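Nothing in this text is a laboratory measurement; each read-out follows from the coordinates by a stated rule. Worth saying up front: this structure is predicted, and the values here are computed from it rather than measured. Heads up, the Cβs are rebuilt from the backbone with ideal geometry, glycines too, and the neighbour counts pull from every protein chain shown.
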Amino acid sequence: MPTNTKHRRFVATAVAVTLGATTLAACGSSDDDSDAQSGPAKLTYWTWTPGMDKVVDLWNKGPGKEQQITVTVKKQASGDTLVTKILTAHKAGKGPDLVQAEYQALPTLVSNDAVADIADEAGEAKDDFAEGVWQQTTLGSDAVYAIPQDIGPMMFYYREDLFKEYGLTVPTTWDKFAKTARKLKEEAPDVDLTTFSANDSGLFAGLAQQAGAQWWTTEGQKWKVGIDDAATQKVADFWGGLVAEGAIDNQPMYTPAWNKALNTGKQIAWVSAVWAPGTLTTAAPDTAGKWKMAPLPQWSKGEETTGSWGGSSTAVTTDSDNKGAAAKFATWLNTDREALAALAKEGGIYPAATTAQLSDAFAEPPAYFSNQPDFYTQAAAIAKTTAPSAWGPNVNVAYTSFKDAFAAAAKDRSDFGDALKTMQESTVADLEKQGFEVAE
Amino acid sequence: MTSTRKEPSGVTGTPGGRPSPARARSRGRGAPYLFLLPATVLFALFFALPIGYALWLSLHKVEVKGLGLGAGARQEVWAGLANYADALTDSELLAGALRVVGYGAIVVPVMLGLALVFALMLDSEKVRLTRFTRLAIFLPYAVPGVVAALLWGFLYLPDVSPFYFVLDKLGLPQPDLLDGGPLYLALSNIAVWGGTGFNMIVIYTSLRAIPHEVYEAARLDGATPLQIALRIKIPMVAPSLVLTFFFSIIATLQVFSEPTTLKPLTNSVSTTWSPLMKVYQDAFGKGDIHSAAAGAVLIAVATLVLSFGFLRVANSRSQQEEAR
């Protein structure tokens, strides 16, 4: 395995050097012999973070001006459609220089040779990030495919006032979580603790990750898919059981009905991530100041682990003519104090860089959580306990399969174990169809 | 009978009669080709080329080596008809096609039936406020499909819908419109609401084109308004009915925005509910444009066969009637 990786990296470097030489030659012919690395560079950056143009302005007027590297932001739609767009642009050889990519999309992008290895240019940024976060950008190799930008450590959100009213205590284990749901049903049959929603696969992936699941791993030159592993089965059975007995709701989240349920106290808790205050502000505006955040319930008493839901990174594409300059910008954007403060203020992101999590930008709690002054201190402590995640080259297929299989199971209140099996099978079938070798 | 069937049907877009040979010779042989050039170039660039590319894509696939990481791990290779074989044996695509057939069996008759009834009513002499009514029925067509689906979607959700509020207050049963069989009604309702106006205008326009002497003659013969509608008006607007039917079949087979918009609101609509949604999912969810291309080609072929098959049947029937 190590020799293979080295060999591949050698090939990749060789290709990169050849490409670099071609671009140099192209530059030289049009102008006098200026070096592509130190000459002025114009970079384009595809991102969906709101307010990113303001953060990039800081670069263009400051460090970017000194180094003659100008970055232009091109606003994009978030999520899976951007991955497809990047891959299409890459196929045409017209990709931008920098792209925002969710962690789980990185293997797909790497596998399509769309993002470049920037270990030489940006490898030293490693120390700014928690190990579990950094590992997602290396895919377990000695390459570095992106710089982490934001993270989404998972937490438990609940209505403090209603918990008191119904005589509930904040569950510290999943076992207590189930008991809380049942007790609430006895106290108030019309009210649900929460819902199991099948329309965002990231939530389930994060819960599985907390339980210790490793969905994609490698064995030599083969991928191993562990979606139907013991840890994920435990998570699926737990939620499937609660849905089947009617202890929690089975309707999807992010619907007008869900907003109303949160806003009127028909649902009084939400398993979510650090970005939840933003969602709650728009979904349940009337209940500001009544919610509180606590660590996610644990599988065994005394444990301290959480999963992550969401988060993204900045990657340099293989199409870029100025990979060095692009890597410099990506490193600045995600490790520089001034940049991170602006990202928090303009983009509302929760930074991946550990030092930034306790910076001045996060001294005050979010306005919605004014009743919890130490919101971000707690969040930073929880972020440290994030379990490592293992993404593979067809996360998109697994995610789609999750949505369809678990939506049907939630609707029928049927066995979630069968849905999980479907998810495992369609993921393996897709890998095999693409020609990957899959270990049993 | 066989000779009449070979006549080109108007809708296929065959150019009209050619000039007589003598006149063509006098203008020079190159001229027609010169005039054809712009159309040919545009046709080739924006029609033949994209279709050709889709066909080419559908005959290829991506093959990965090893872990698929790093440069050169992915290759586009010839797949032959493998993508088509996969699509045709995919139970989800077949199930999606059946769902669309069920949906179409509700939408097409209801929408065209309503459009015809409305058009006949507007055309009758007793009706008042014609202009306003015509506009009111047509207006939903001006609402974009996605907006219409969102609007109805909100009305279908029990917790936020005013309808359910009223049902609740009256103590009436509150059906779940976003599940099982009622889901088809819910989806069809959106299409009928949006499409009836357009079809009504088409039928109404051709009703207005019927000369009034025909009605006068019928009335002198003692025909009631109902008899005039059934025996004169409907047969005379039959070509418009054929046309609207033709458009409706195509629109039904391509249903996409309504179920896609309702999907986030319910667990009952899967990401591959209709065949076109599966194509979208293949291309943008899975990133597999080759399977998506094969699916798209299959849908196009099915649409062509069904819609032109219908036209052929309709044409041959009307020609038979004329022959009688």
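Things to note:
- Measuring r between the beta carbons of residue A:169 and residue A:363 and using R0 = 25 Å, the FRET efficiency lands at 0.25.
- Greater than 27 Å apart at Cα, pairs in A:183/A:290; A:42/B:61; A:185/A:292: A:42/B:61
- For a straight C-alpha distance cut-off of 23 angstrom, the lysines reachable from residue B:126 (same-chain residues fewer than eight places away being disregarded) are B:233.
- Rounded FRET efficiency, nearest 0.05, which uses the C-beta distance separating residue A:88 from residue A:377 and R0 of 51 Å: 0.75
- The GluC sites (Glu not before Pro) of region A:273-374 that meet both conditions, a loop assignment by DSSP and at most 15 other Cβ atoms within 10 Å of the site Cβ, are A:303, A:304.
- Over chain A, equivalent-ellipsoid semi-axes from the Cα gyration tensor in Å: 40, 26, 17
- For region A:296-425: rounded, prolate or oblate by the Cα gyration tensor [a/c cutoff 1.5]: oblate
- Candidates B:188, B:268, B:257: whichever shows maximal mean-square fluctuation once chain B is modelled as a Gaussian network with Cα springs under 10 Å: B:268
- Sequence-distant aspartates and glutamates (8 or more away, or on other chains) whose Cα lies within less than 14 Å of residue A:433: A:425, B:63, B:76, B:86, B:90, B:282, B:288
- Neighbour net charge for residue A:217 - beta-carbon separation under 11 angstrom, K R +1, D E -1: 0
- Pairwise inverse Cα distances across region B:90-323, averaged and inverted, put the Kirkwood hydrodynamic radius at 20.1 Å.
- Whole-percent P(r), region B:116-218, all Cα pairs, 10 Å bins from 0: 13, 32, 26, 19, 7, 2.
- Euclidean distance of C-alpha centroids, region B:200-233 and region A:269-336, integer Å: 68 Å
- Among the listed pairs A:85/B:263; A:421/B:278; B:65/B:278; A:164/A:421, those whose Cα-Cα separation exceeds 30 Å are A:164/A:421.
- 24 Å Cα-Cα reach of residue B:169 towards lysines, excluding residues that sit fewer than 8 places from it in its own chain: A:260, A:266
- Neighbour count of at most 10 Cβ within 10 Å plus DSSP loop: longest trypsin sites (Lys or Arg not before Pro)-free window in chain A: A:95-300
- When shorter helices are ignored and each DSSP H run of at least 4 residues is given -39500 (n - 2.57), the per-residue value for chain B at 222 nm works out to -21000 deg cm²/dmol.
- Chain A - percent relative contact order, Cα under 8 Å, separation 6 or more: 25 percent
- Percentage relative contact order, chain B, counting C-alpha pairs under 8 Å, at least six apart: 25 percent
- Antiparallel beta bridges, as assigned by DSSP with both residues in chain A, represent about 65 percent of the total such bridges.
- Using only alpha carbons, the protein assembly as shown has a radius of gyration to Kirkwood radius ratio (Rg to Rh) of 1.03.
- Estimated inter-spin distance, residue A:281 and residue A:120, nm [label 7 Å along Cα→Cβ]: 4.3 nm
- For trypsin sites (Lys or Arg not before Pro), the sites in region B:31-132 that DSSP calls loop and that have at most 15 other Cβ atoms within 10 Å are B:65, B:126, B:128.
- DSSP beta bridges in the protein assembly as shown [antiparallel fraction, %, rounded to 5]: 70 percent
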